[in-house]
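See structure below.
The values are calculated or read from the model by the stated rules, or taken from the named source; none is laboratory data. Here the structure is a predicted model, which means the values were calculated and not measured. Here the Cβ positions follow ideal geometry from the backbone for every residue, glycine too, while neighbour counts run over all protein chains shown. Side chains are part of the model used for accessible areas, which takes the heavy atoms of the whole protein and leaves out ligands, DNA and RNA. Shrake-Rupley method; radii C 1.70, N 1.55, O 1.52, S 1.80 Å.
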Amino acid sequence: EDQVTQSPEALRLQEGESSSLNCSYTVSGLRGLFWYRQDPGKGPEFLFTLYSAGEEKEKERLKATLTKKESFLHITAPKPEDSATYLCAAAGNDYKLSFGAGTTVTVRA
Amino acid sequence: GAVVSQHPSRVICKSGTSVKIECRSLDFQATTMFWYRQFPKQSLMLMATSNEGSKATYEQGVEKDKFLINHASLTLSTLTVTSAHPEDSSFYICSARGWAPYNEQFFGPGTRLTVL
């Protein structure tokens, strides 16, 4: 059974304090590892797709990396507007997404 | 690009009534659409997968007679919650995936259903 585990559950950061979120996955035939951002009461917003170990992608203050068992989302010098829940999801052979429980990031000014 | 809309964004109904939620991919053709349910402070739970012109595939434990899904075109899928009860109150979110090899799912803004 496909499984995705995210840690930590919650992360409180001071503005400018860089940190990383972890996503561990066990998936048969990985078709993609996805990162989404979700604000309260809204649908997830697509951030990145990673397909193979060693791949990295960046967008503004966010950088996602992938190994054979884990993915990391690095937040560099976060701002209060980066506060959100970050969801990791993995797609297996059937292309269905298995989601982790999410990491809620709070950035204080 | 890759915009998915949902309508309505919020609905309140009486117990026993049926509610229809629409999901549209606005700027791409969706080969597959997915319906999720999300409870407060929990992650997304996949309910069903639908492909245009064919019957939806439901996840284990999801009642297909209660949650009717129609995927009439490459840009529109609908979820009908039949004979809704208070326990069906939840946040329903759809997503759409385009053509291979792109596997990204793009999500709609969600529909908040409250059953009184």
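Remarks
- Estimated vicinal HN-Hα couplings, Hz - region A:10-27 in sequence order (Karplus 6.51, -1.76, 1.60; Gly, Pro = x): 9, 9, 10, 10, 7, 3, x, 8, 5, 7, 10, 10, 10, 9, 9, 9, 10, 9
- Pairwise centroid distance, computed over Cα atoms, of region A:1-27 with region B:30-93, Å: 28 Å
- Using distinct alpha-carbon pairs, which all enter the 1/r mean, Kirkwood radius of chain A in Å: 13.8 Å
- In Å, descending, principal axis extents of the Cα set of chain B: 42, 25, 23
- Summing both sides, the accessible surface hidden between A and B at a 1.4 Å probe radius is close to 1500 Å².
- The residues of region A:24-46 listed by number as losing at least 10 Å² of accessible area in the complex, against the isolated chain and with a 1.4 Å probe, are A:Arg31, A:Phe34, A:Tyr36, A:Gln38, A:Gly41, A:Lys42, A:Gly43, A:Pro44, A:Phe46.
- Rounded to the nearest 10 Å², the accessible area of B:Val62 at probe 1.4 Å: 30 Å²
- Förster radius 22 Å - calculated FRET efficiency between A:Ala101 and A:Glu45, Cβ distance, rounded to 0.05: 0.80
- Computed E for B:Gln60/B:His7 - FRET, C-beta separation, R0 25 angstrom, nearest 0.05: 0.30
- Average accessible surface area per residue within chain A, 1.4 Å rolling probe, Å²: 49 Å²
- Annotation: the antiparallel percentage among DSSP beta bridges lying fully within the protein assembly as shown is about 90.
- Gyration tensor verdict on region A:48-109 (Cα atoms; rounded if a/c is under 1.5, prolate if a/b is larger than b/c, oblate otherwise): oblate
- Accessible area of the protein assembly as shown belonging to carbon and sulfur atoms, whole % at 1.4 Å probe: 50 percent
- Mean Cα-pair separation over length for chain A, i.e. relative contact order, pairs under 8 Å, 6 or more apart, %: 38 percent
- Scalar couplings 3J(HN,Hα) for region A:102-109, obtained by applying the Karplus form with A = 6.51, B = -1.76, C = 1.60 to θ = phi - 60°, are x, 10, 8, 9, 10, 10, 8, 6 Hz; x denotes Gly and Pro.
- Think of it this way: in chain B, B:Cys13 stand alone, with no other Cys Cβ under 4.7 Å.
- Interface residues, region B:34-83 - accessible area loss of 40 Å² or more versus chain alone, probe 1.4 Å: B:Ser43, B:Leu44
- Mean sequence separation of contacting Cα pairs (under 8 Å, at least six apart), scaled by the length of chain B, corresponds to a relative contact order of 37 percent.
- Hits among aspartates and glutamates - C-alpha to C-alpha of A:Lys63 under 14 Å, sequence gap 8 or more where chains match: A:Glu55, A:Asp82
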